[in-house]
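After the structure tokens below, expect a handful of questions from me.
Quick note: the coordinates plus some simple rules give every number you see, no bench work behind them. Quantities reported herein were computed from a predicted structural model and do not represent experimental measurements. Please note: Cβ atoms are built from the backbone with ideal geometry, for glycine as well, and neighbour counts cover all protein chains shown.
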Amino acid sequence: MSPHLLSVDSLSRDQIDHLLRVAARMEPIAQRRQVTRVLEGAVLGNLFFEASTRTRVSFNAAFCRLGGSVCDTTGFTFSSMAKGESLYDTSRVMAGYCDAIVMRHPEQGSVAEFAAATNVPVINGGDGPGEHPSQALLDLYTIDKEFTRLGKPLAGAHVLMTGDLKYGRTVHSLIKLLSLYAPMRITLVAPPGLAMPDHLIELVASRGHRVEQRDSLASDYADVDVVYTTRIQKERFTAEMSEGFSLSRDFTVDRAFLDRRCGRDTLVMHPLPRDSRPEANDLDVDLNGDPRLAIFRQTDNGIPVRMAIFATLLKVDELIEKDLRPV
Ligand code: CP
């Protein structure tokens, strides 16, 4: 495995399956039913130059659950980048302090640039509209776990992705991961101007998957297994795009859509955050409490999956079994 996790492109199918197996083994530790100190003495540098709740806190918690400690920096204002320090210098400095680094940055490619200056494992916690590989791994883990519960195979699954497919980095990573599995059907529904980039559609189609683009949710989706919806990333819009943009209510995933258009066990996923402002028309709160809504099971899965990423990159995955201690 590459020393870093910058893009899902660096992962083979065997490596992904290994990570998912390690994640499953981490669940009792994530829930503190078992304890390990396998990363005792290790330090994680968490560098978040863009807003985050889930990724920052769950990477932090995952490292602590493995016995390590975390140094957090949030926002440019609180780093010396605010004084003009380069990514290269920051990377060289942080490598002297930390055993692993998670970084989120608003510019695509910036985390890879940072990683090129160090051999300390660097994990991309989201680089602008680029990728979010740990989110995609936890999404895949969630789909696999939910399908096992429902007795469904992943092969032949029908996944609908909707929302901001242009700037949504989670869908960019997830579609690539899914494309490594048995042929499935992928339907993409985006508002005007926010379609999935062509190169990703071509990649997925070239791997034998059936990809279809539609411009509306007003269709029959009874055979859809997963509806994966995303927030509109207005913070990445150009001034021209922002001018007068509003998301039509027709793109909202809500109870009426699920009841009228989808099947009885269609799962609803979202990487979160969902925009709760009414005008945002993001995933509706009327599905809260509906068992088909998997979003909080998804966030819970973030801890064991991120533990598995650390354990594998820091090469302690084989040691954990021997290190387990009672709570
Ligand atoms: N899904 C996700 O990346 O959430 P945060 O922005 O809160 O980290």
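Sum -39500 (n - 2.57) across every DSSP H segment of at least 4 residues in the chain, then divide by the residue count to get the 222 nm mean residue ellipticity, nearest 500.
So the calculated ellipticity at 222 nm is -10500 deg cm²/dmol.
Now a separate question. When the chain is modelled as a GNM with alpha-carbon springs shorter than 10 Å, which of Asp89, Asp139, Asp127 fluctuates the most?
Evaluated over the chain, the most mobile residue of the options is Asp89.
Still on this structure: Just check region 103-175 against the gyration tensor rule for me: Cα atoms, a ≥ b ≥ c as the square roots of the eigenvalues, rounded for a/c under 1.5, and otherwise prolate or oblate depending on whether a/b exceeds b/c.
It is oblate, given that a/c is not under 1.5 and a/b is not larger than b/c.
Here is a follow-up. Rounded to the nearest 20 Debye, what is the dipole magnitude of region 133-299 about its Cα centre when Lys and Arg each give +1 and Asp and Glu each give -1 at the C-beta?
Dipole magnitude for region 133-299 comes out near 480 debye.
Just for the chain, what percent of DSSP beta bridges are antiparallel, to the closest 5?
5
Continuing with the same structure: Which GluC sites (Glu not before Pro) in region 53-136 sit in a loop by DSSP (not H, G, I, E or B) and have at most 16 other Cβ atoms within 10 Å of their own Cβ?
Glu85, Glu107
Between Arg25 and Asn119, take the C-beta separation as r, use R0 = 22 Å, and let me know the FRET efficiency to the nearest 0.05.
Calculated value: 0.25.
Could you grab the relative contact order for the chain? Cα pairs under 8 Å, six or more apart, rounded to a whole percent.
Reported as a whole number, the value is 21 percent.
Considering only C-alpha atoms, what is the centroid distance from region 12-83 to region 227-273, in Å?
Each part's Cα centre sits 29 Å from the other's.
Using a Cα-Cα cut-off of under 24 Å, which lysines could be cross-linked to Lys166, ignoring same-chain neighbours fewer than 8 residues away?
Lys176, Lys234
Enumerate the amide H contacts of Tyr228 below 5 Å, restricted to partners 5 or more residues apart or on another chain; note that Pro and chain-start residues carry no placed amide H.
Distant-sequence amide H within range of Tyr228: Leu160, Met161, Thr162, Met269.
At a threshold of 8 angstrom on Cα-Cα distance, excluding pairs fewer than six apart, so keeping six or more, what relative contact order does region 133-299 reach in percent?
Over region 133-299, the number comes to 23 percent.
If you count, for each residue, the other Cβ atoms within 10 Å and average over each peptide, how do 163-176, 8-21 line up from highest to lowest?
My ranking of the peptides, most packed first, is 163-176, 8-21.
Note down the nm distance, to one decimal, between modelled labels 7 Å out along Cα→Cβ at Ala239 and at Asp9.
Result for the modelled spin labels: 3.3 nm.
With label points built 7 Å along Cα→Cβ from the Cα atoms of Glu107 and Arg207, find their separation and express it in nm.
Here the modelled spin labels are 2.9 nm apart.
Further question on the same structure: Alpha carbons only, please: Rg and Dmax for region 1-127, in angstrom.
That works out to 14.9, 45 Å for Rg and Dmax.
Moving on to the next point. What's the extension gain from Glu85 to Asp275 if we count 0.36 nm per residue and subtract their Cα-Cα distance?
65.1 nm
Regarding the chain, what whole-number volume in Å³ per residue does the convex hull of its Cα atoms give?
Value for the chain: 137 Å³ per residue.
How large is the convex hull of the Cα atoms of region 113-261 per residue, expressed in Å³ as a whole number?
133
Please list, ordered by chain and number, the residues whose modelled amide H lies under 5 Å from the amide H of Gln213; skip anything fewer than 5 residues away on the same chain.
Distant-sequence amide H within range of Gln213: Leu188.
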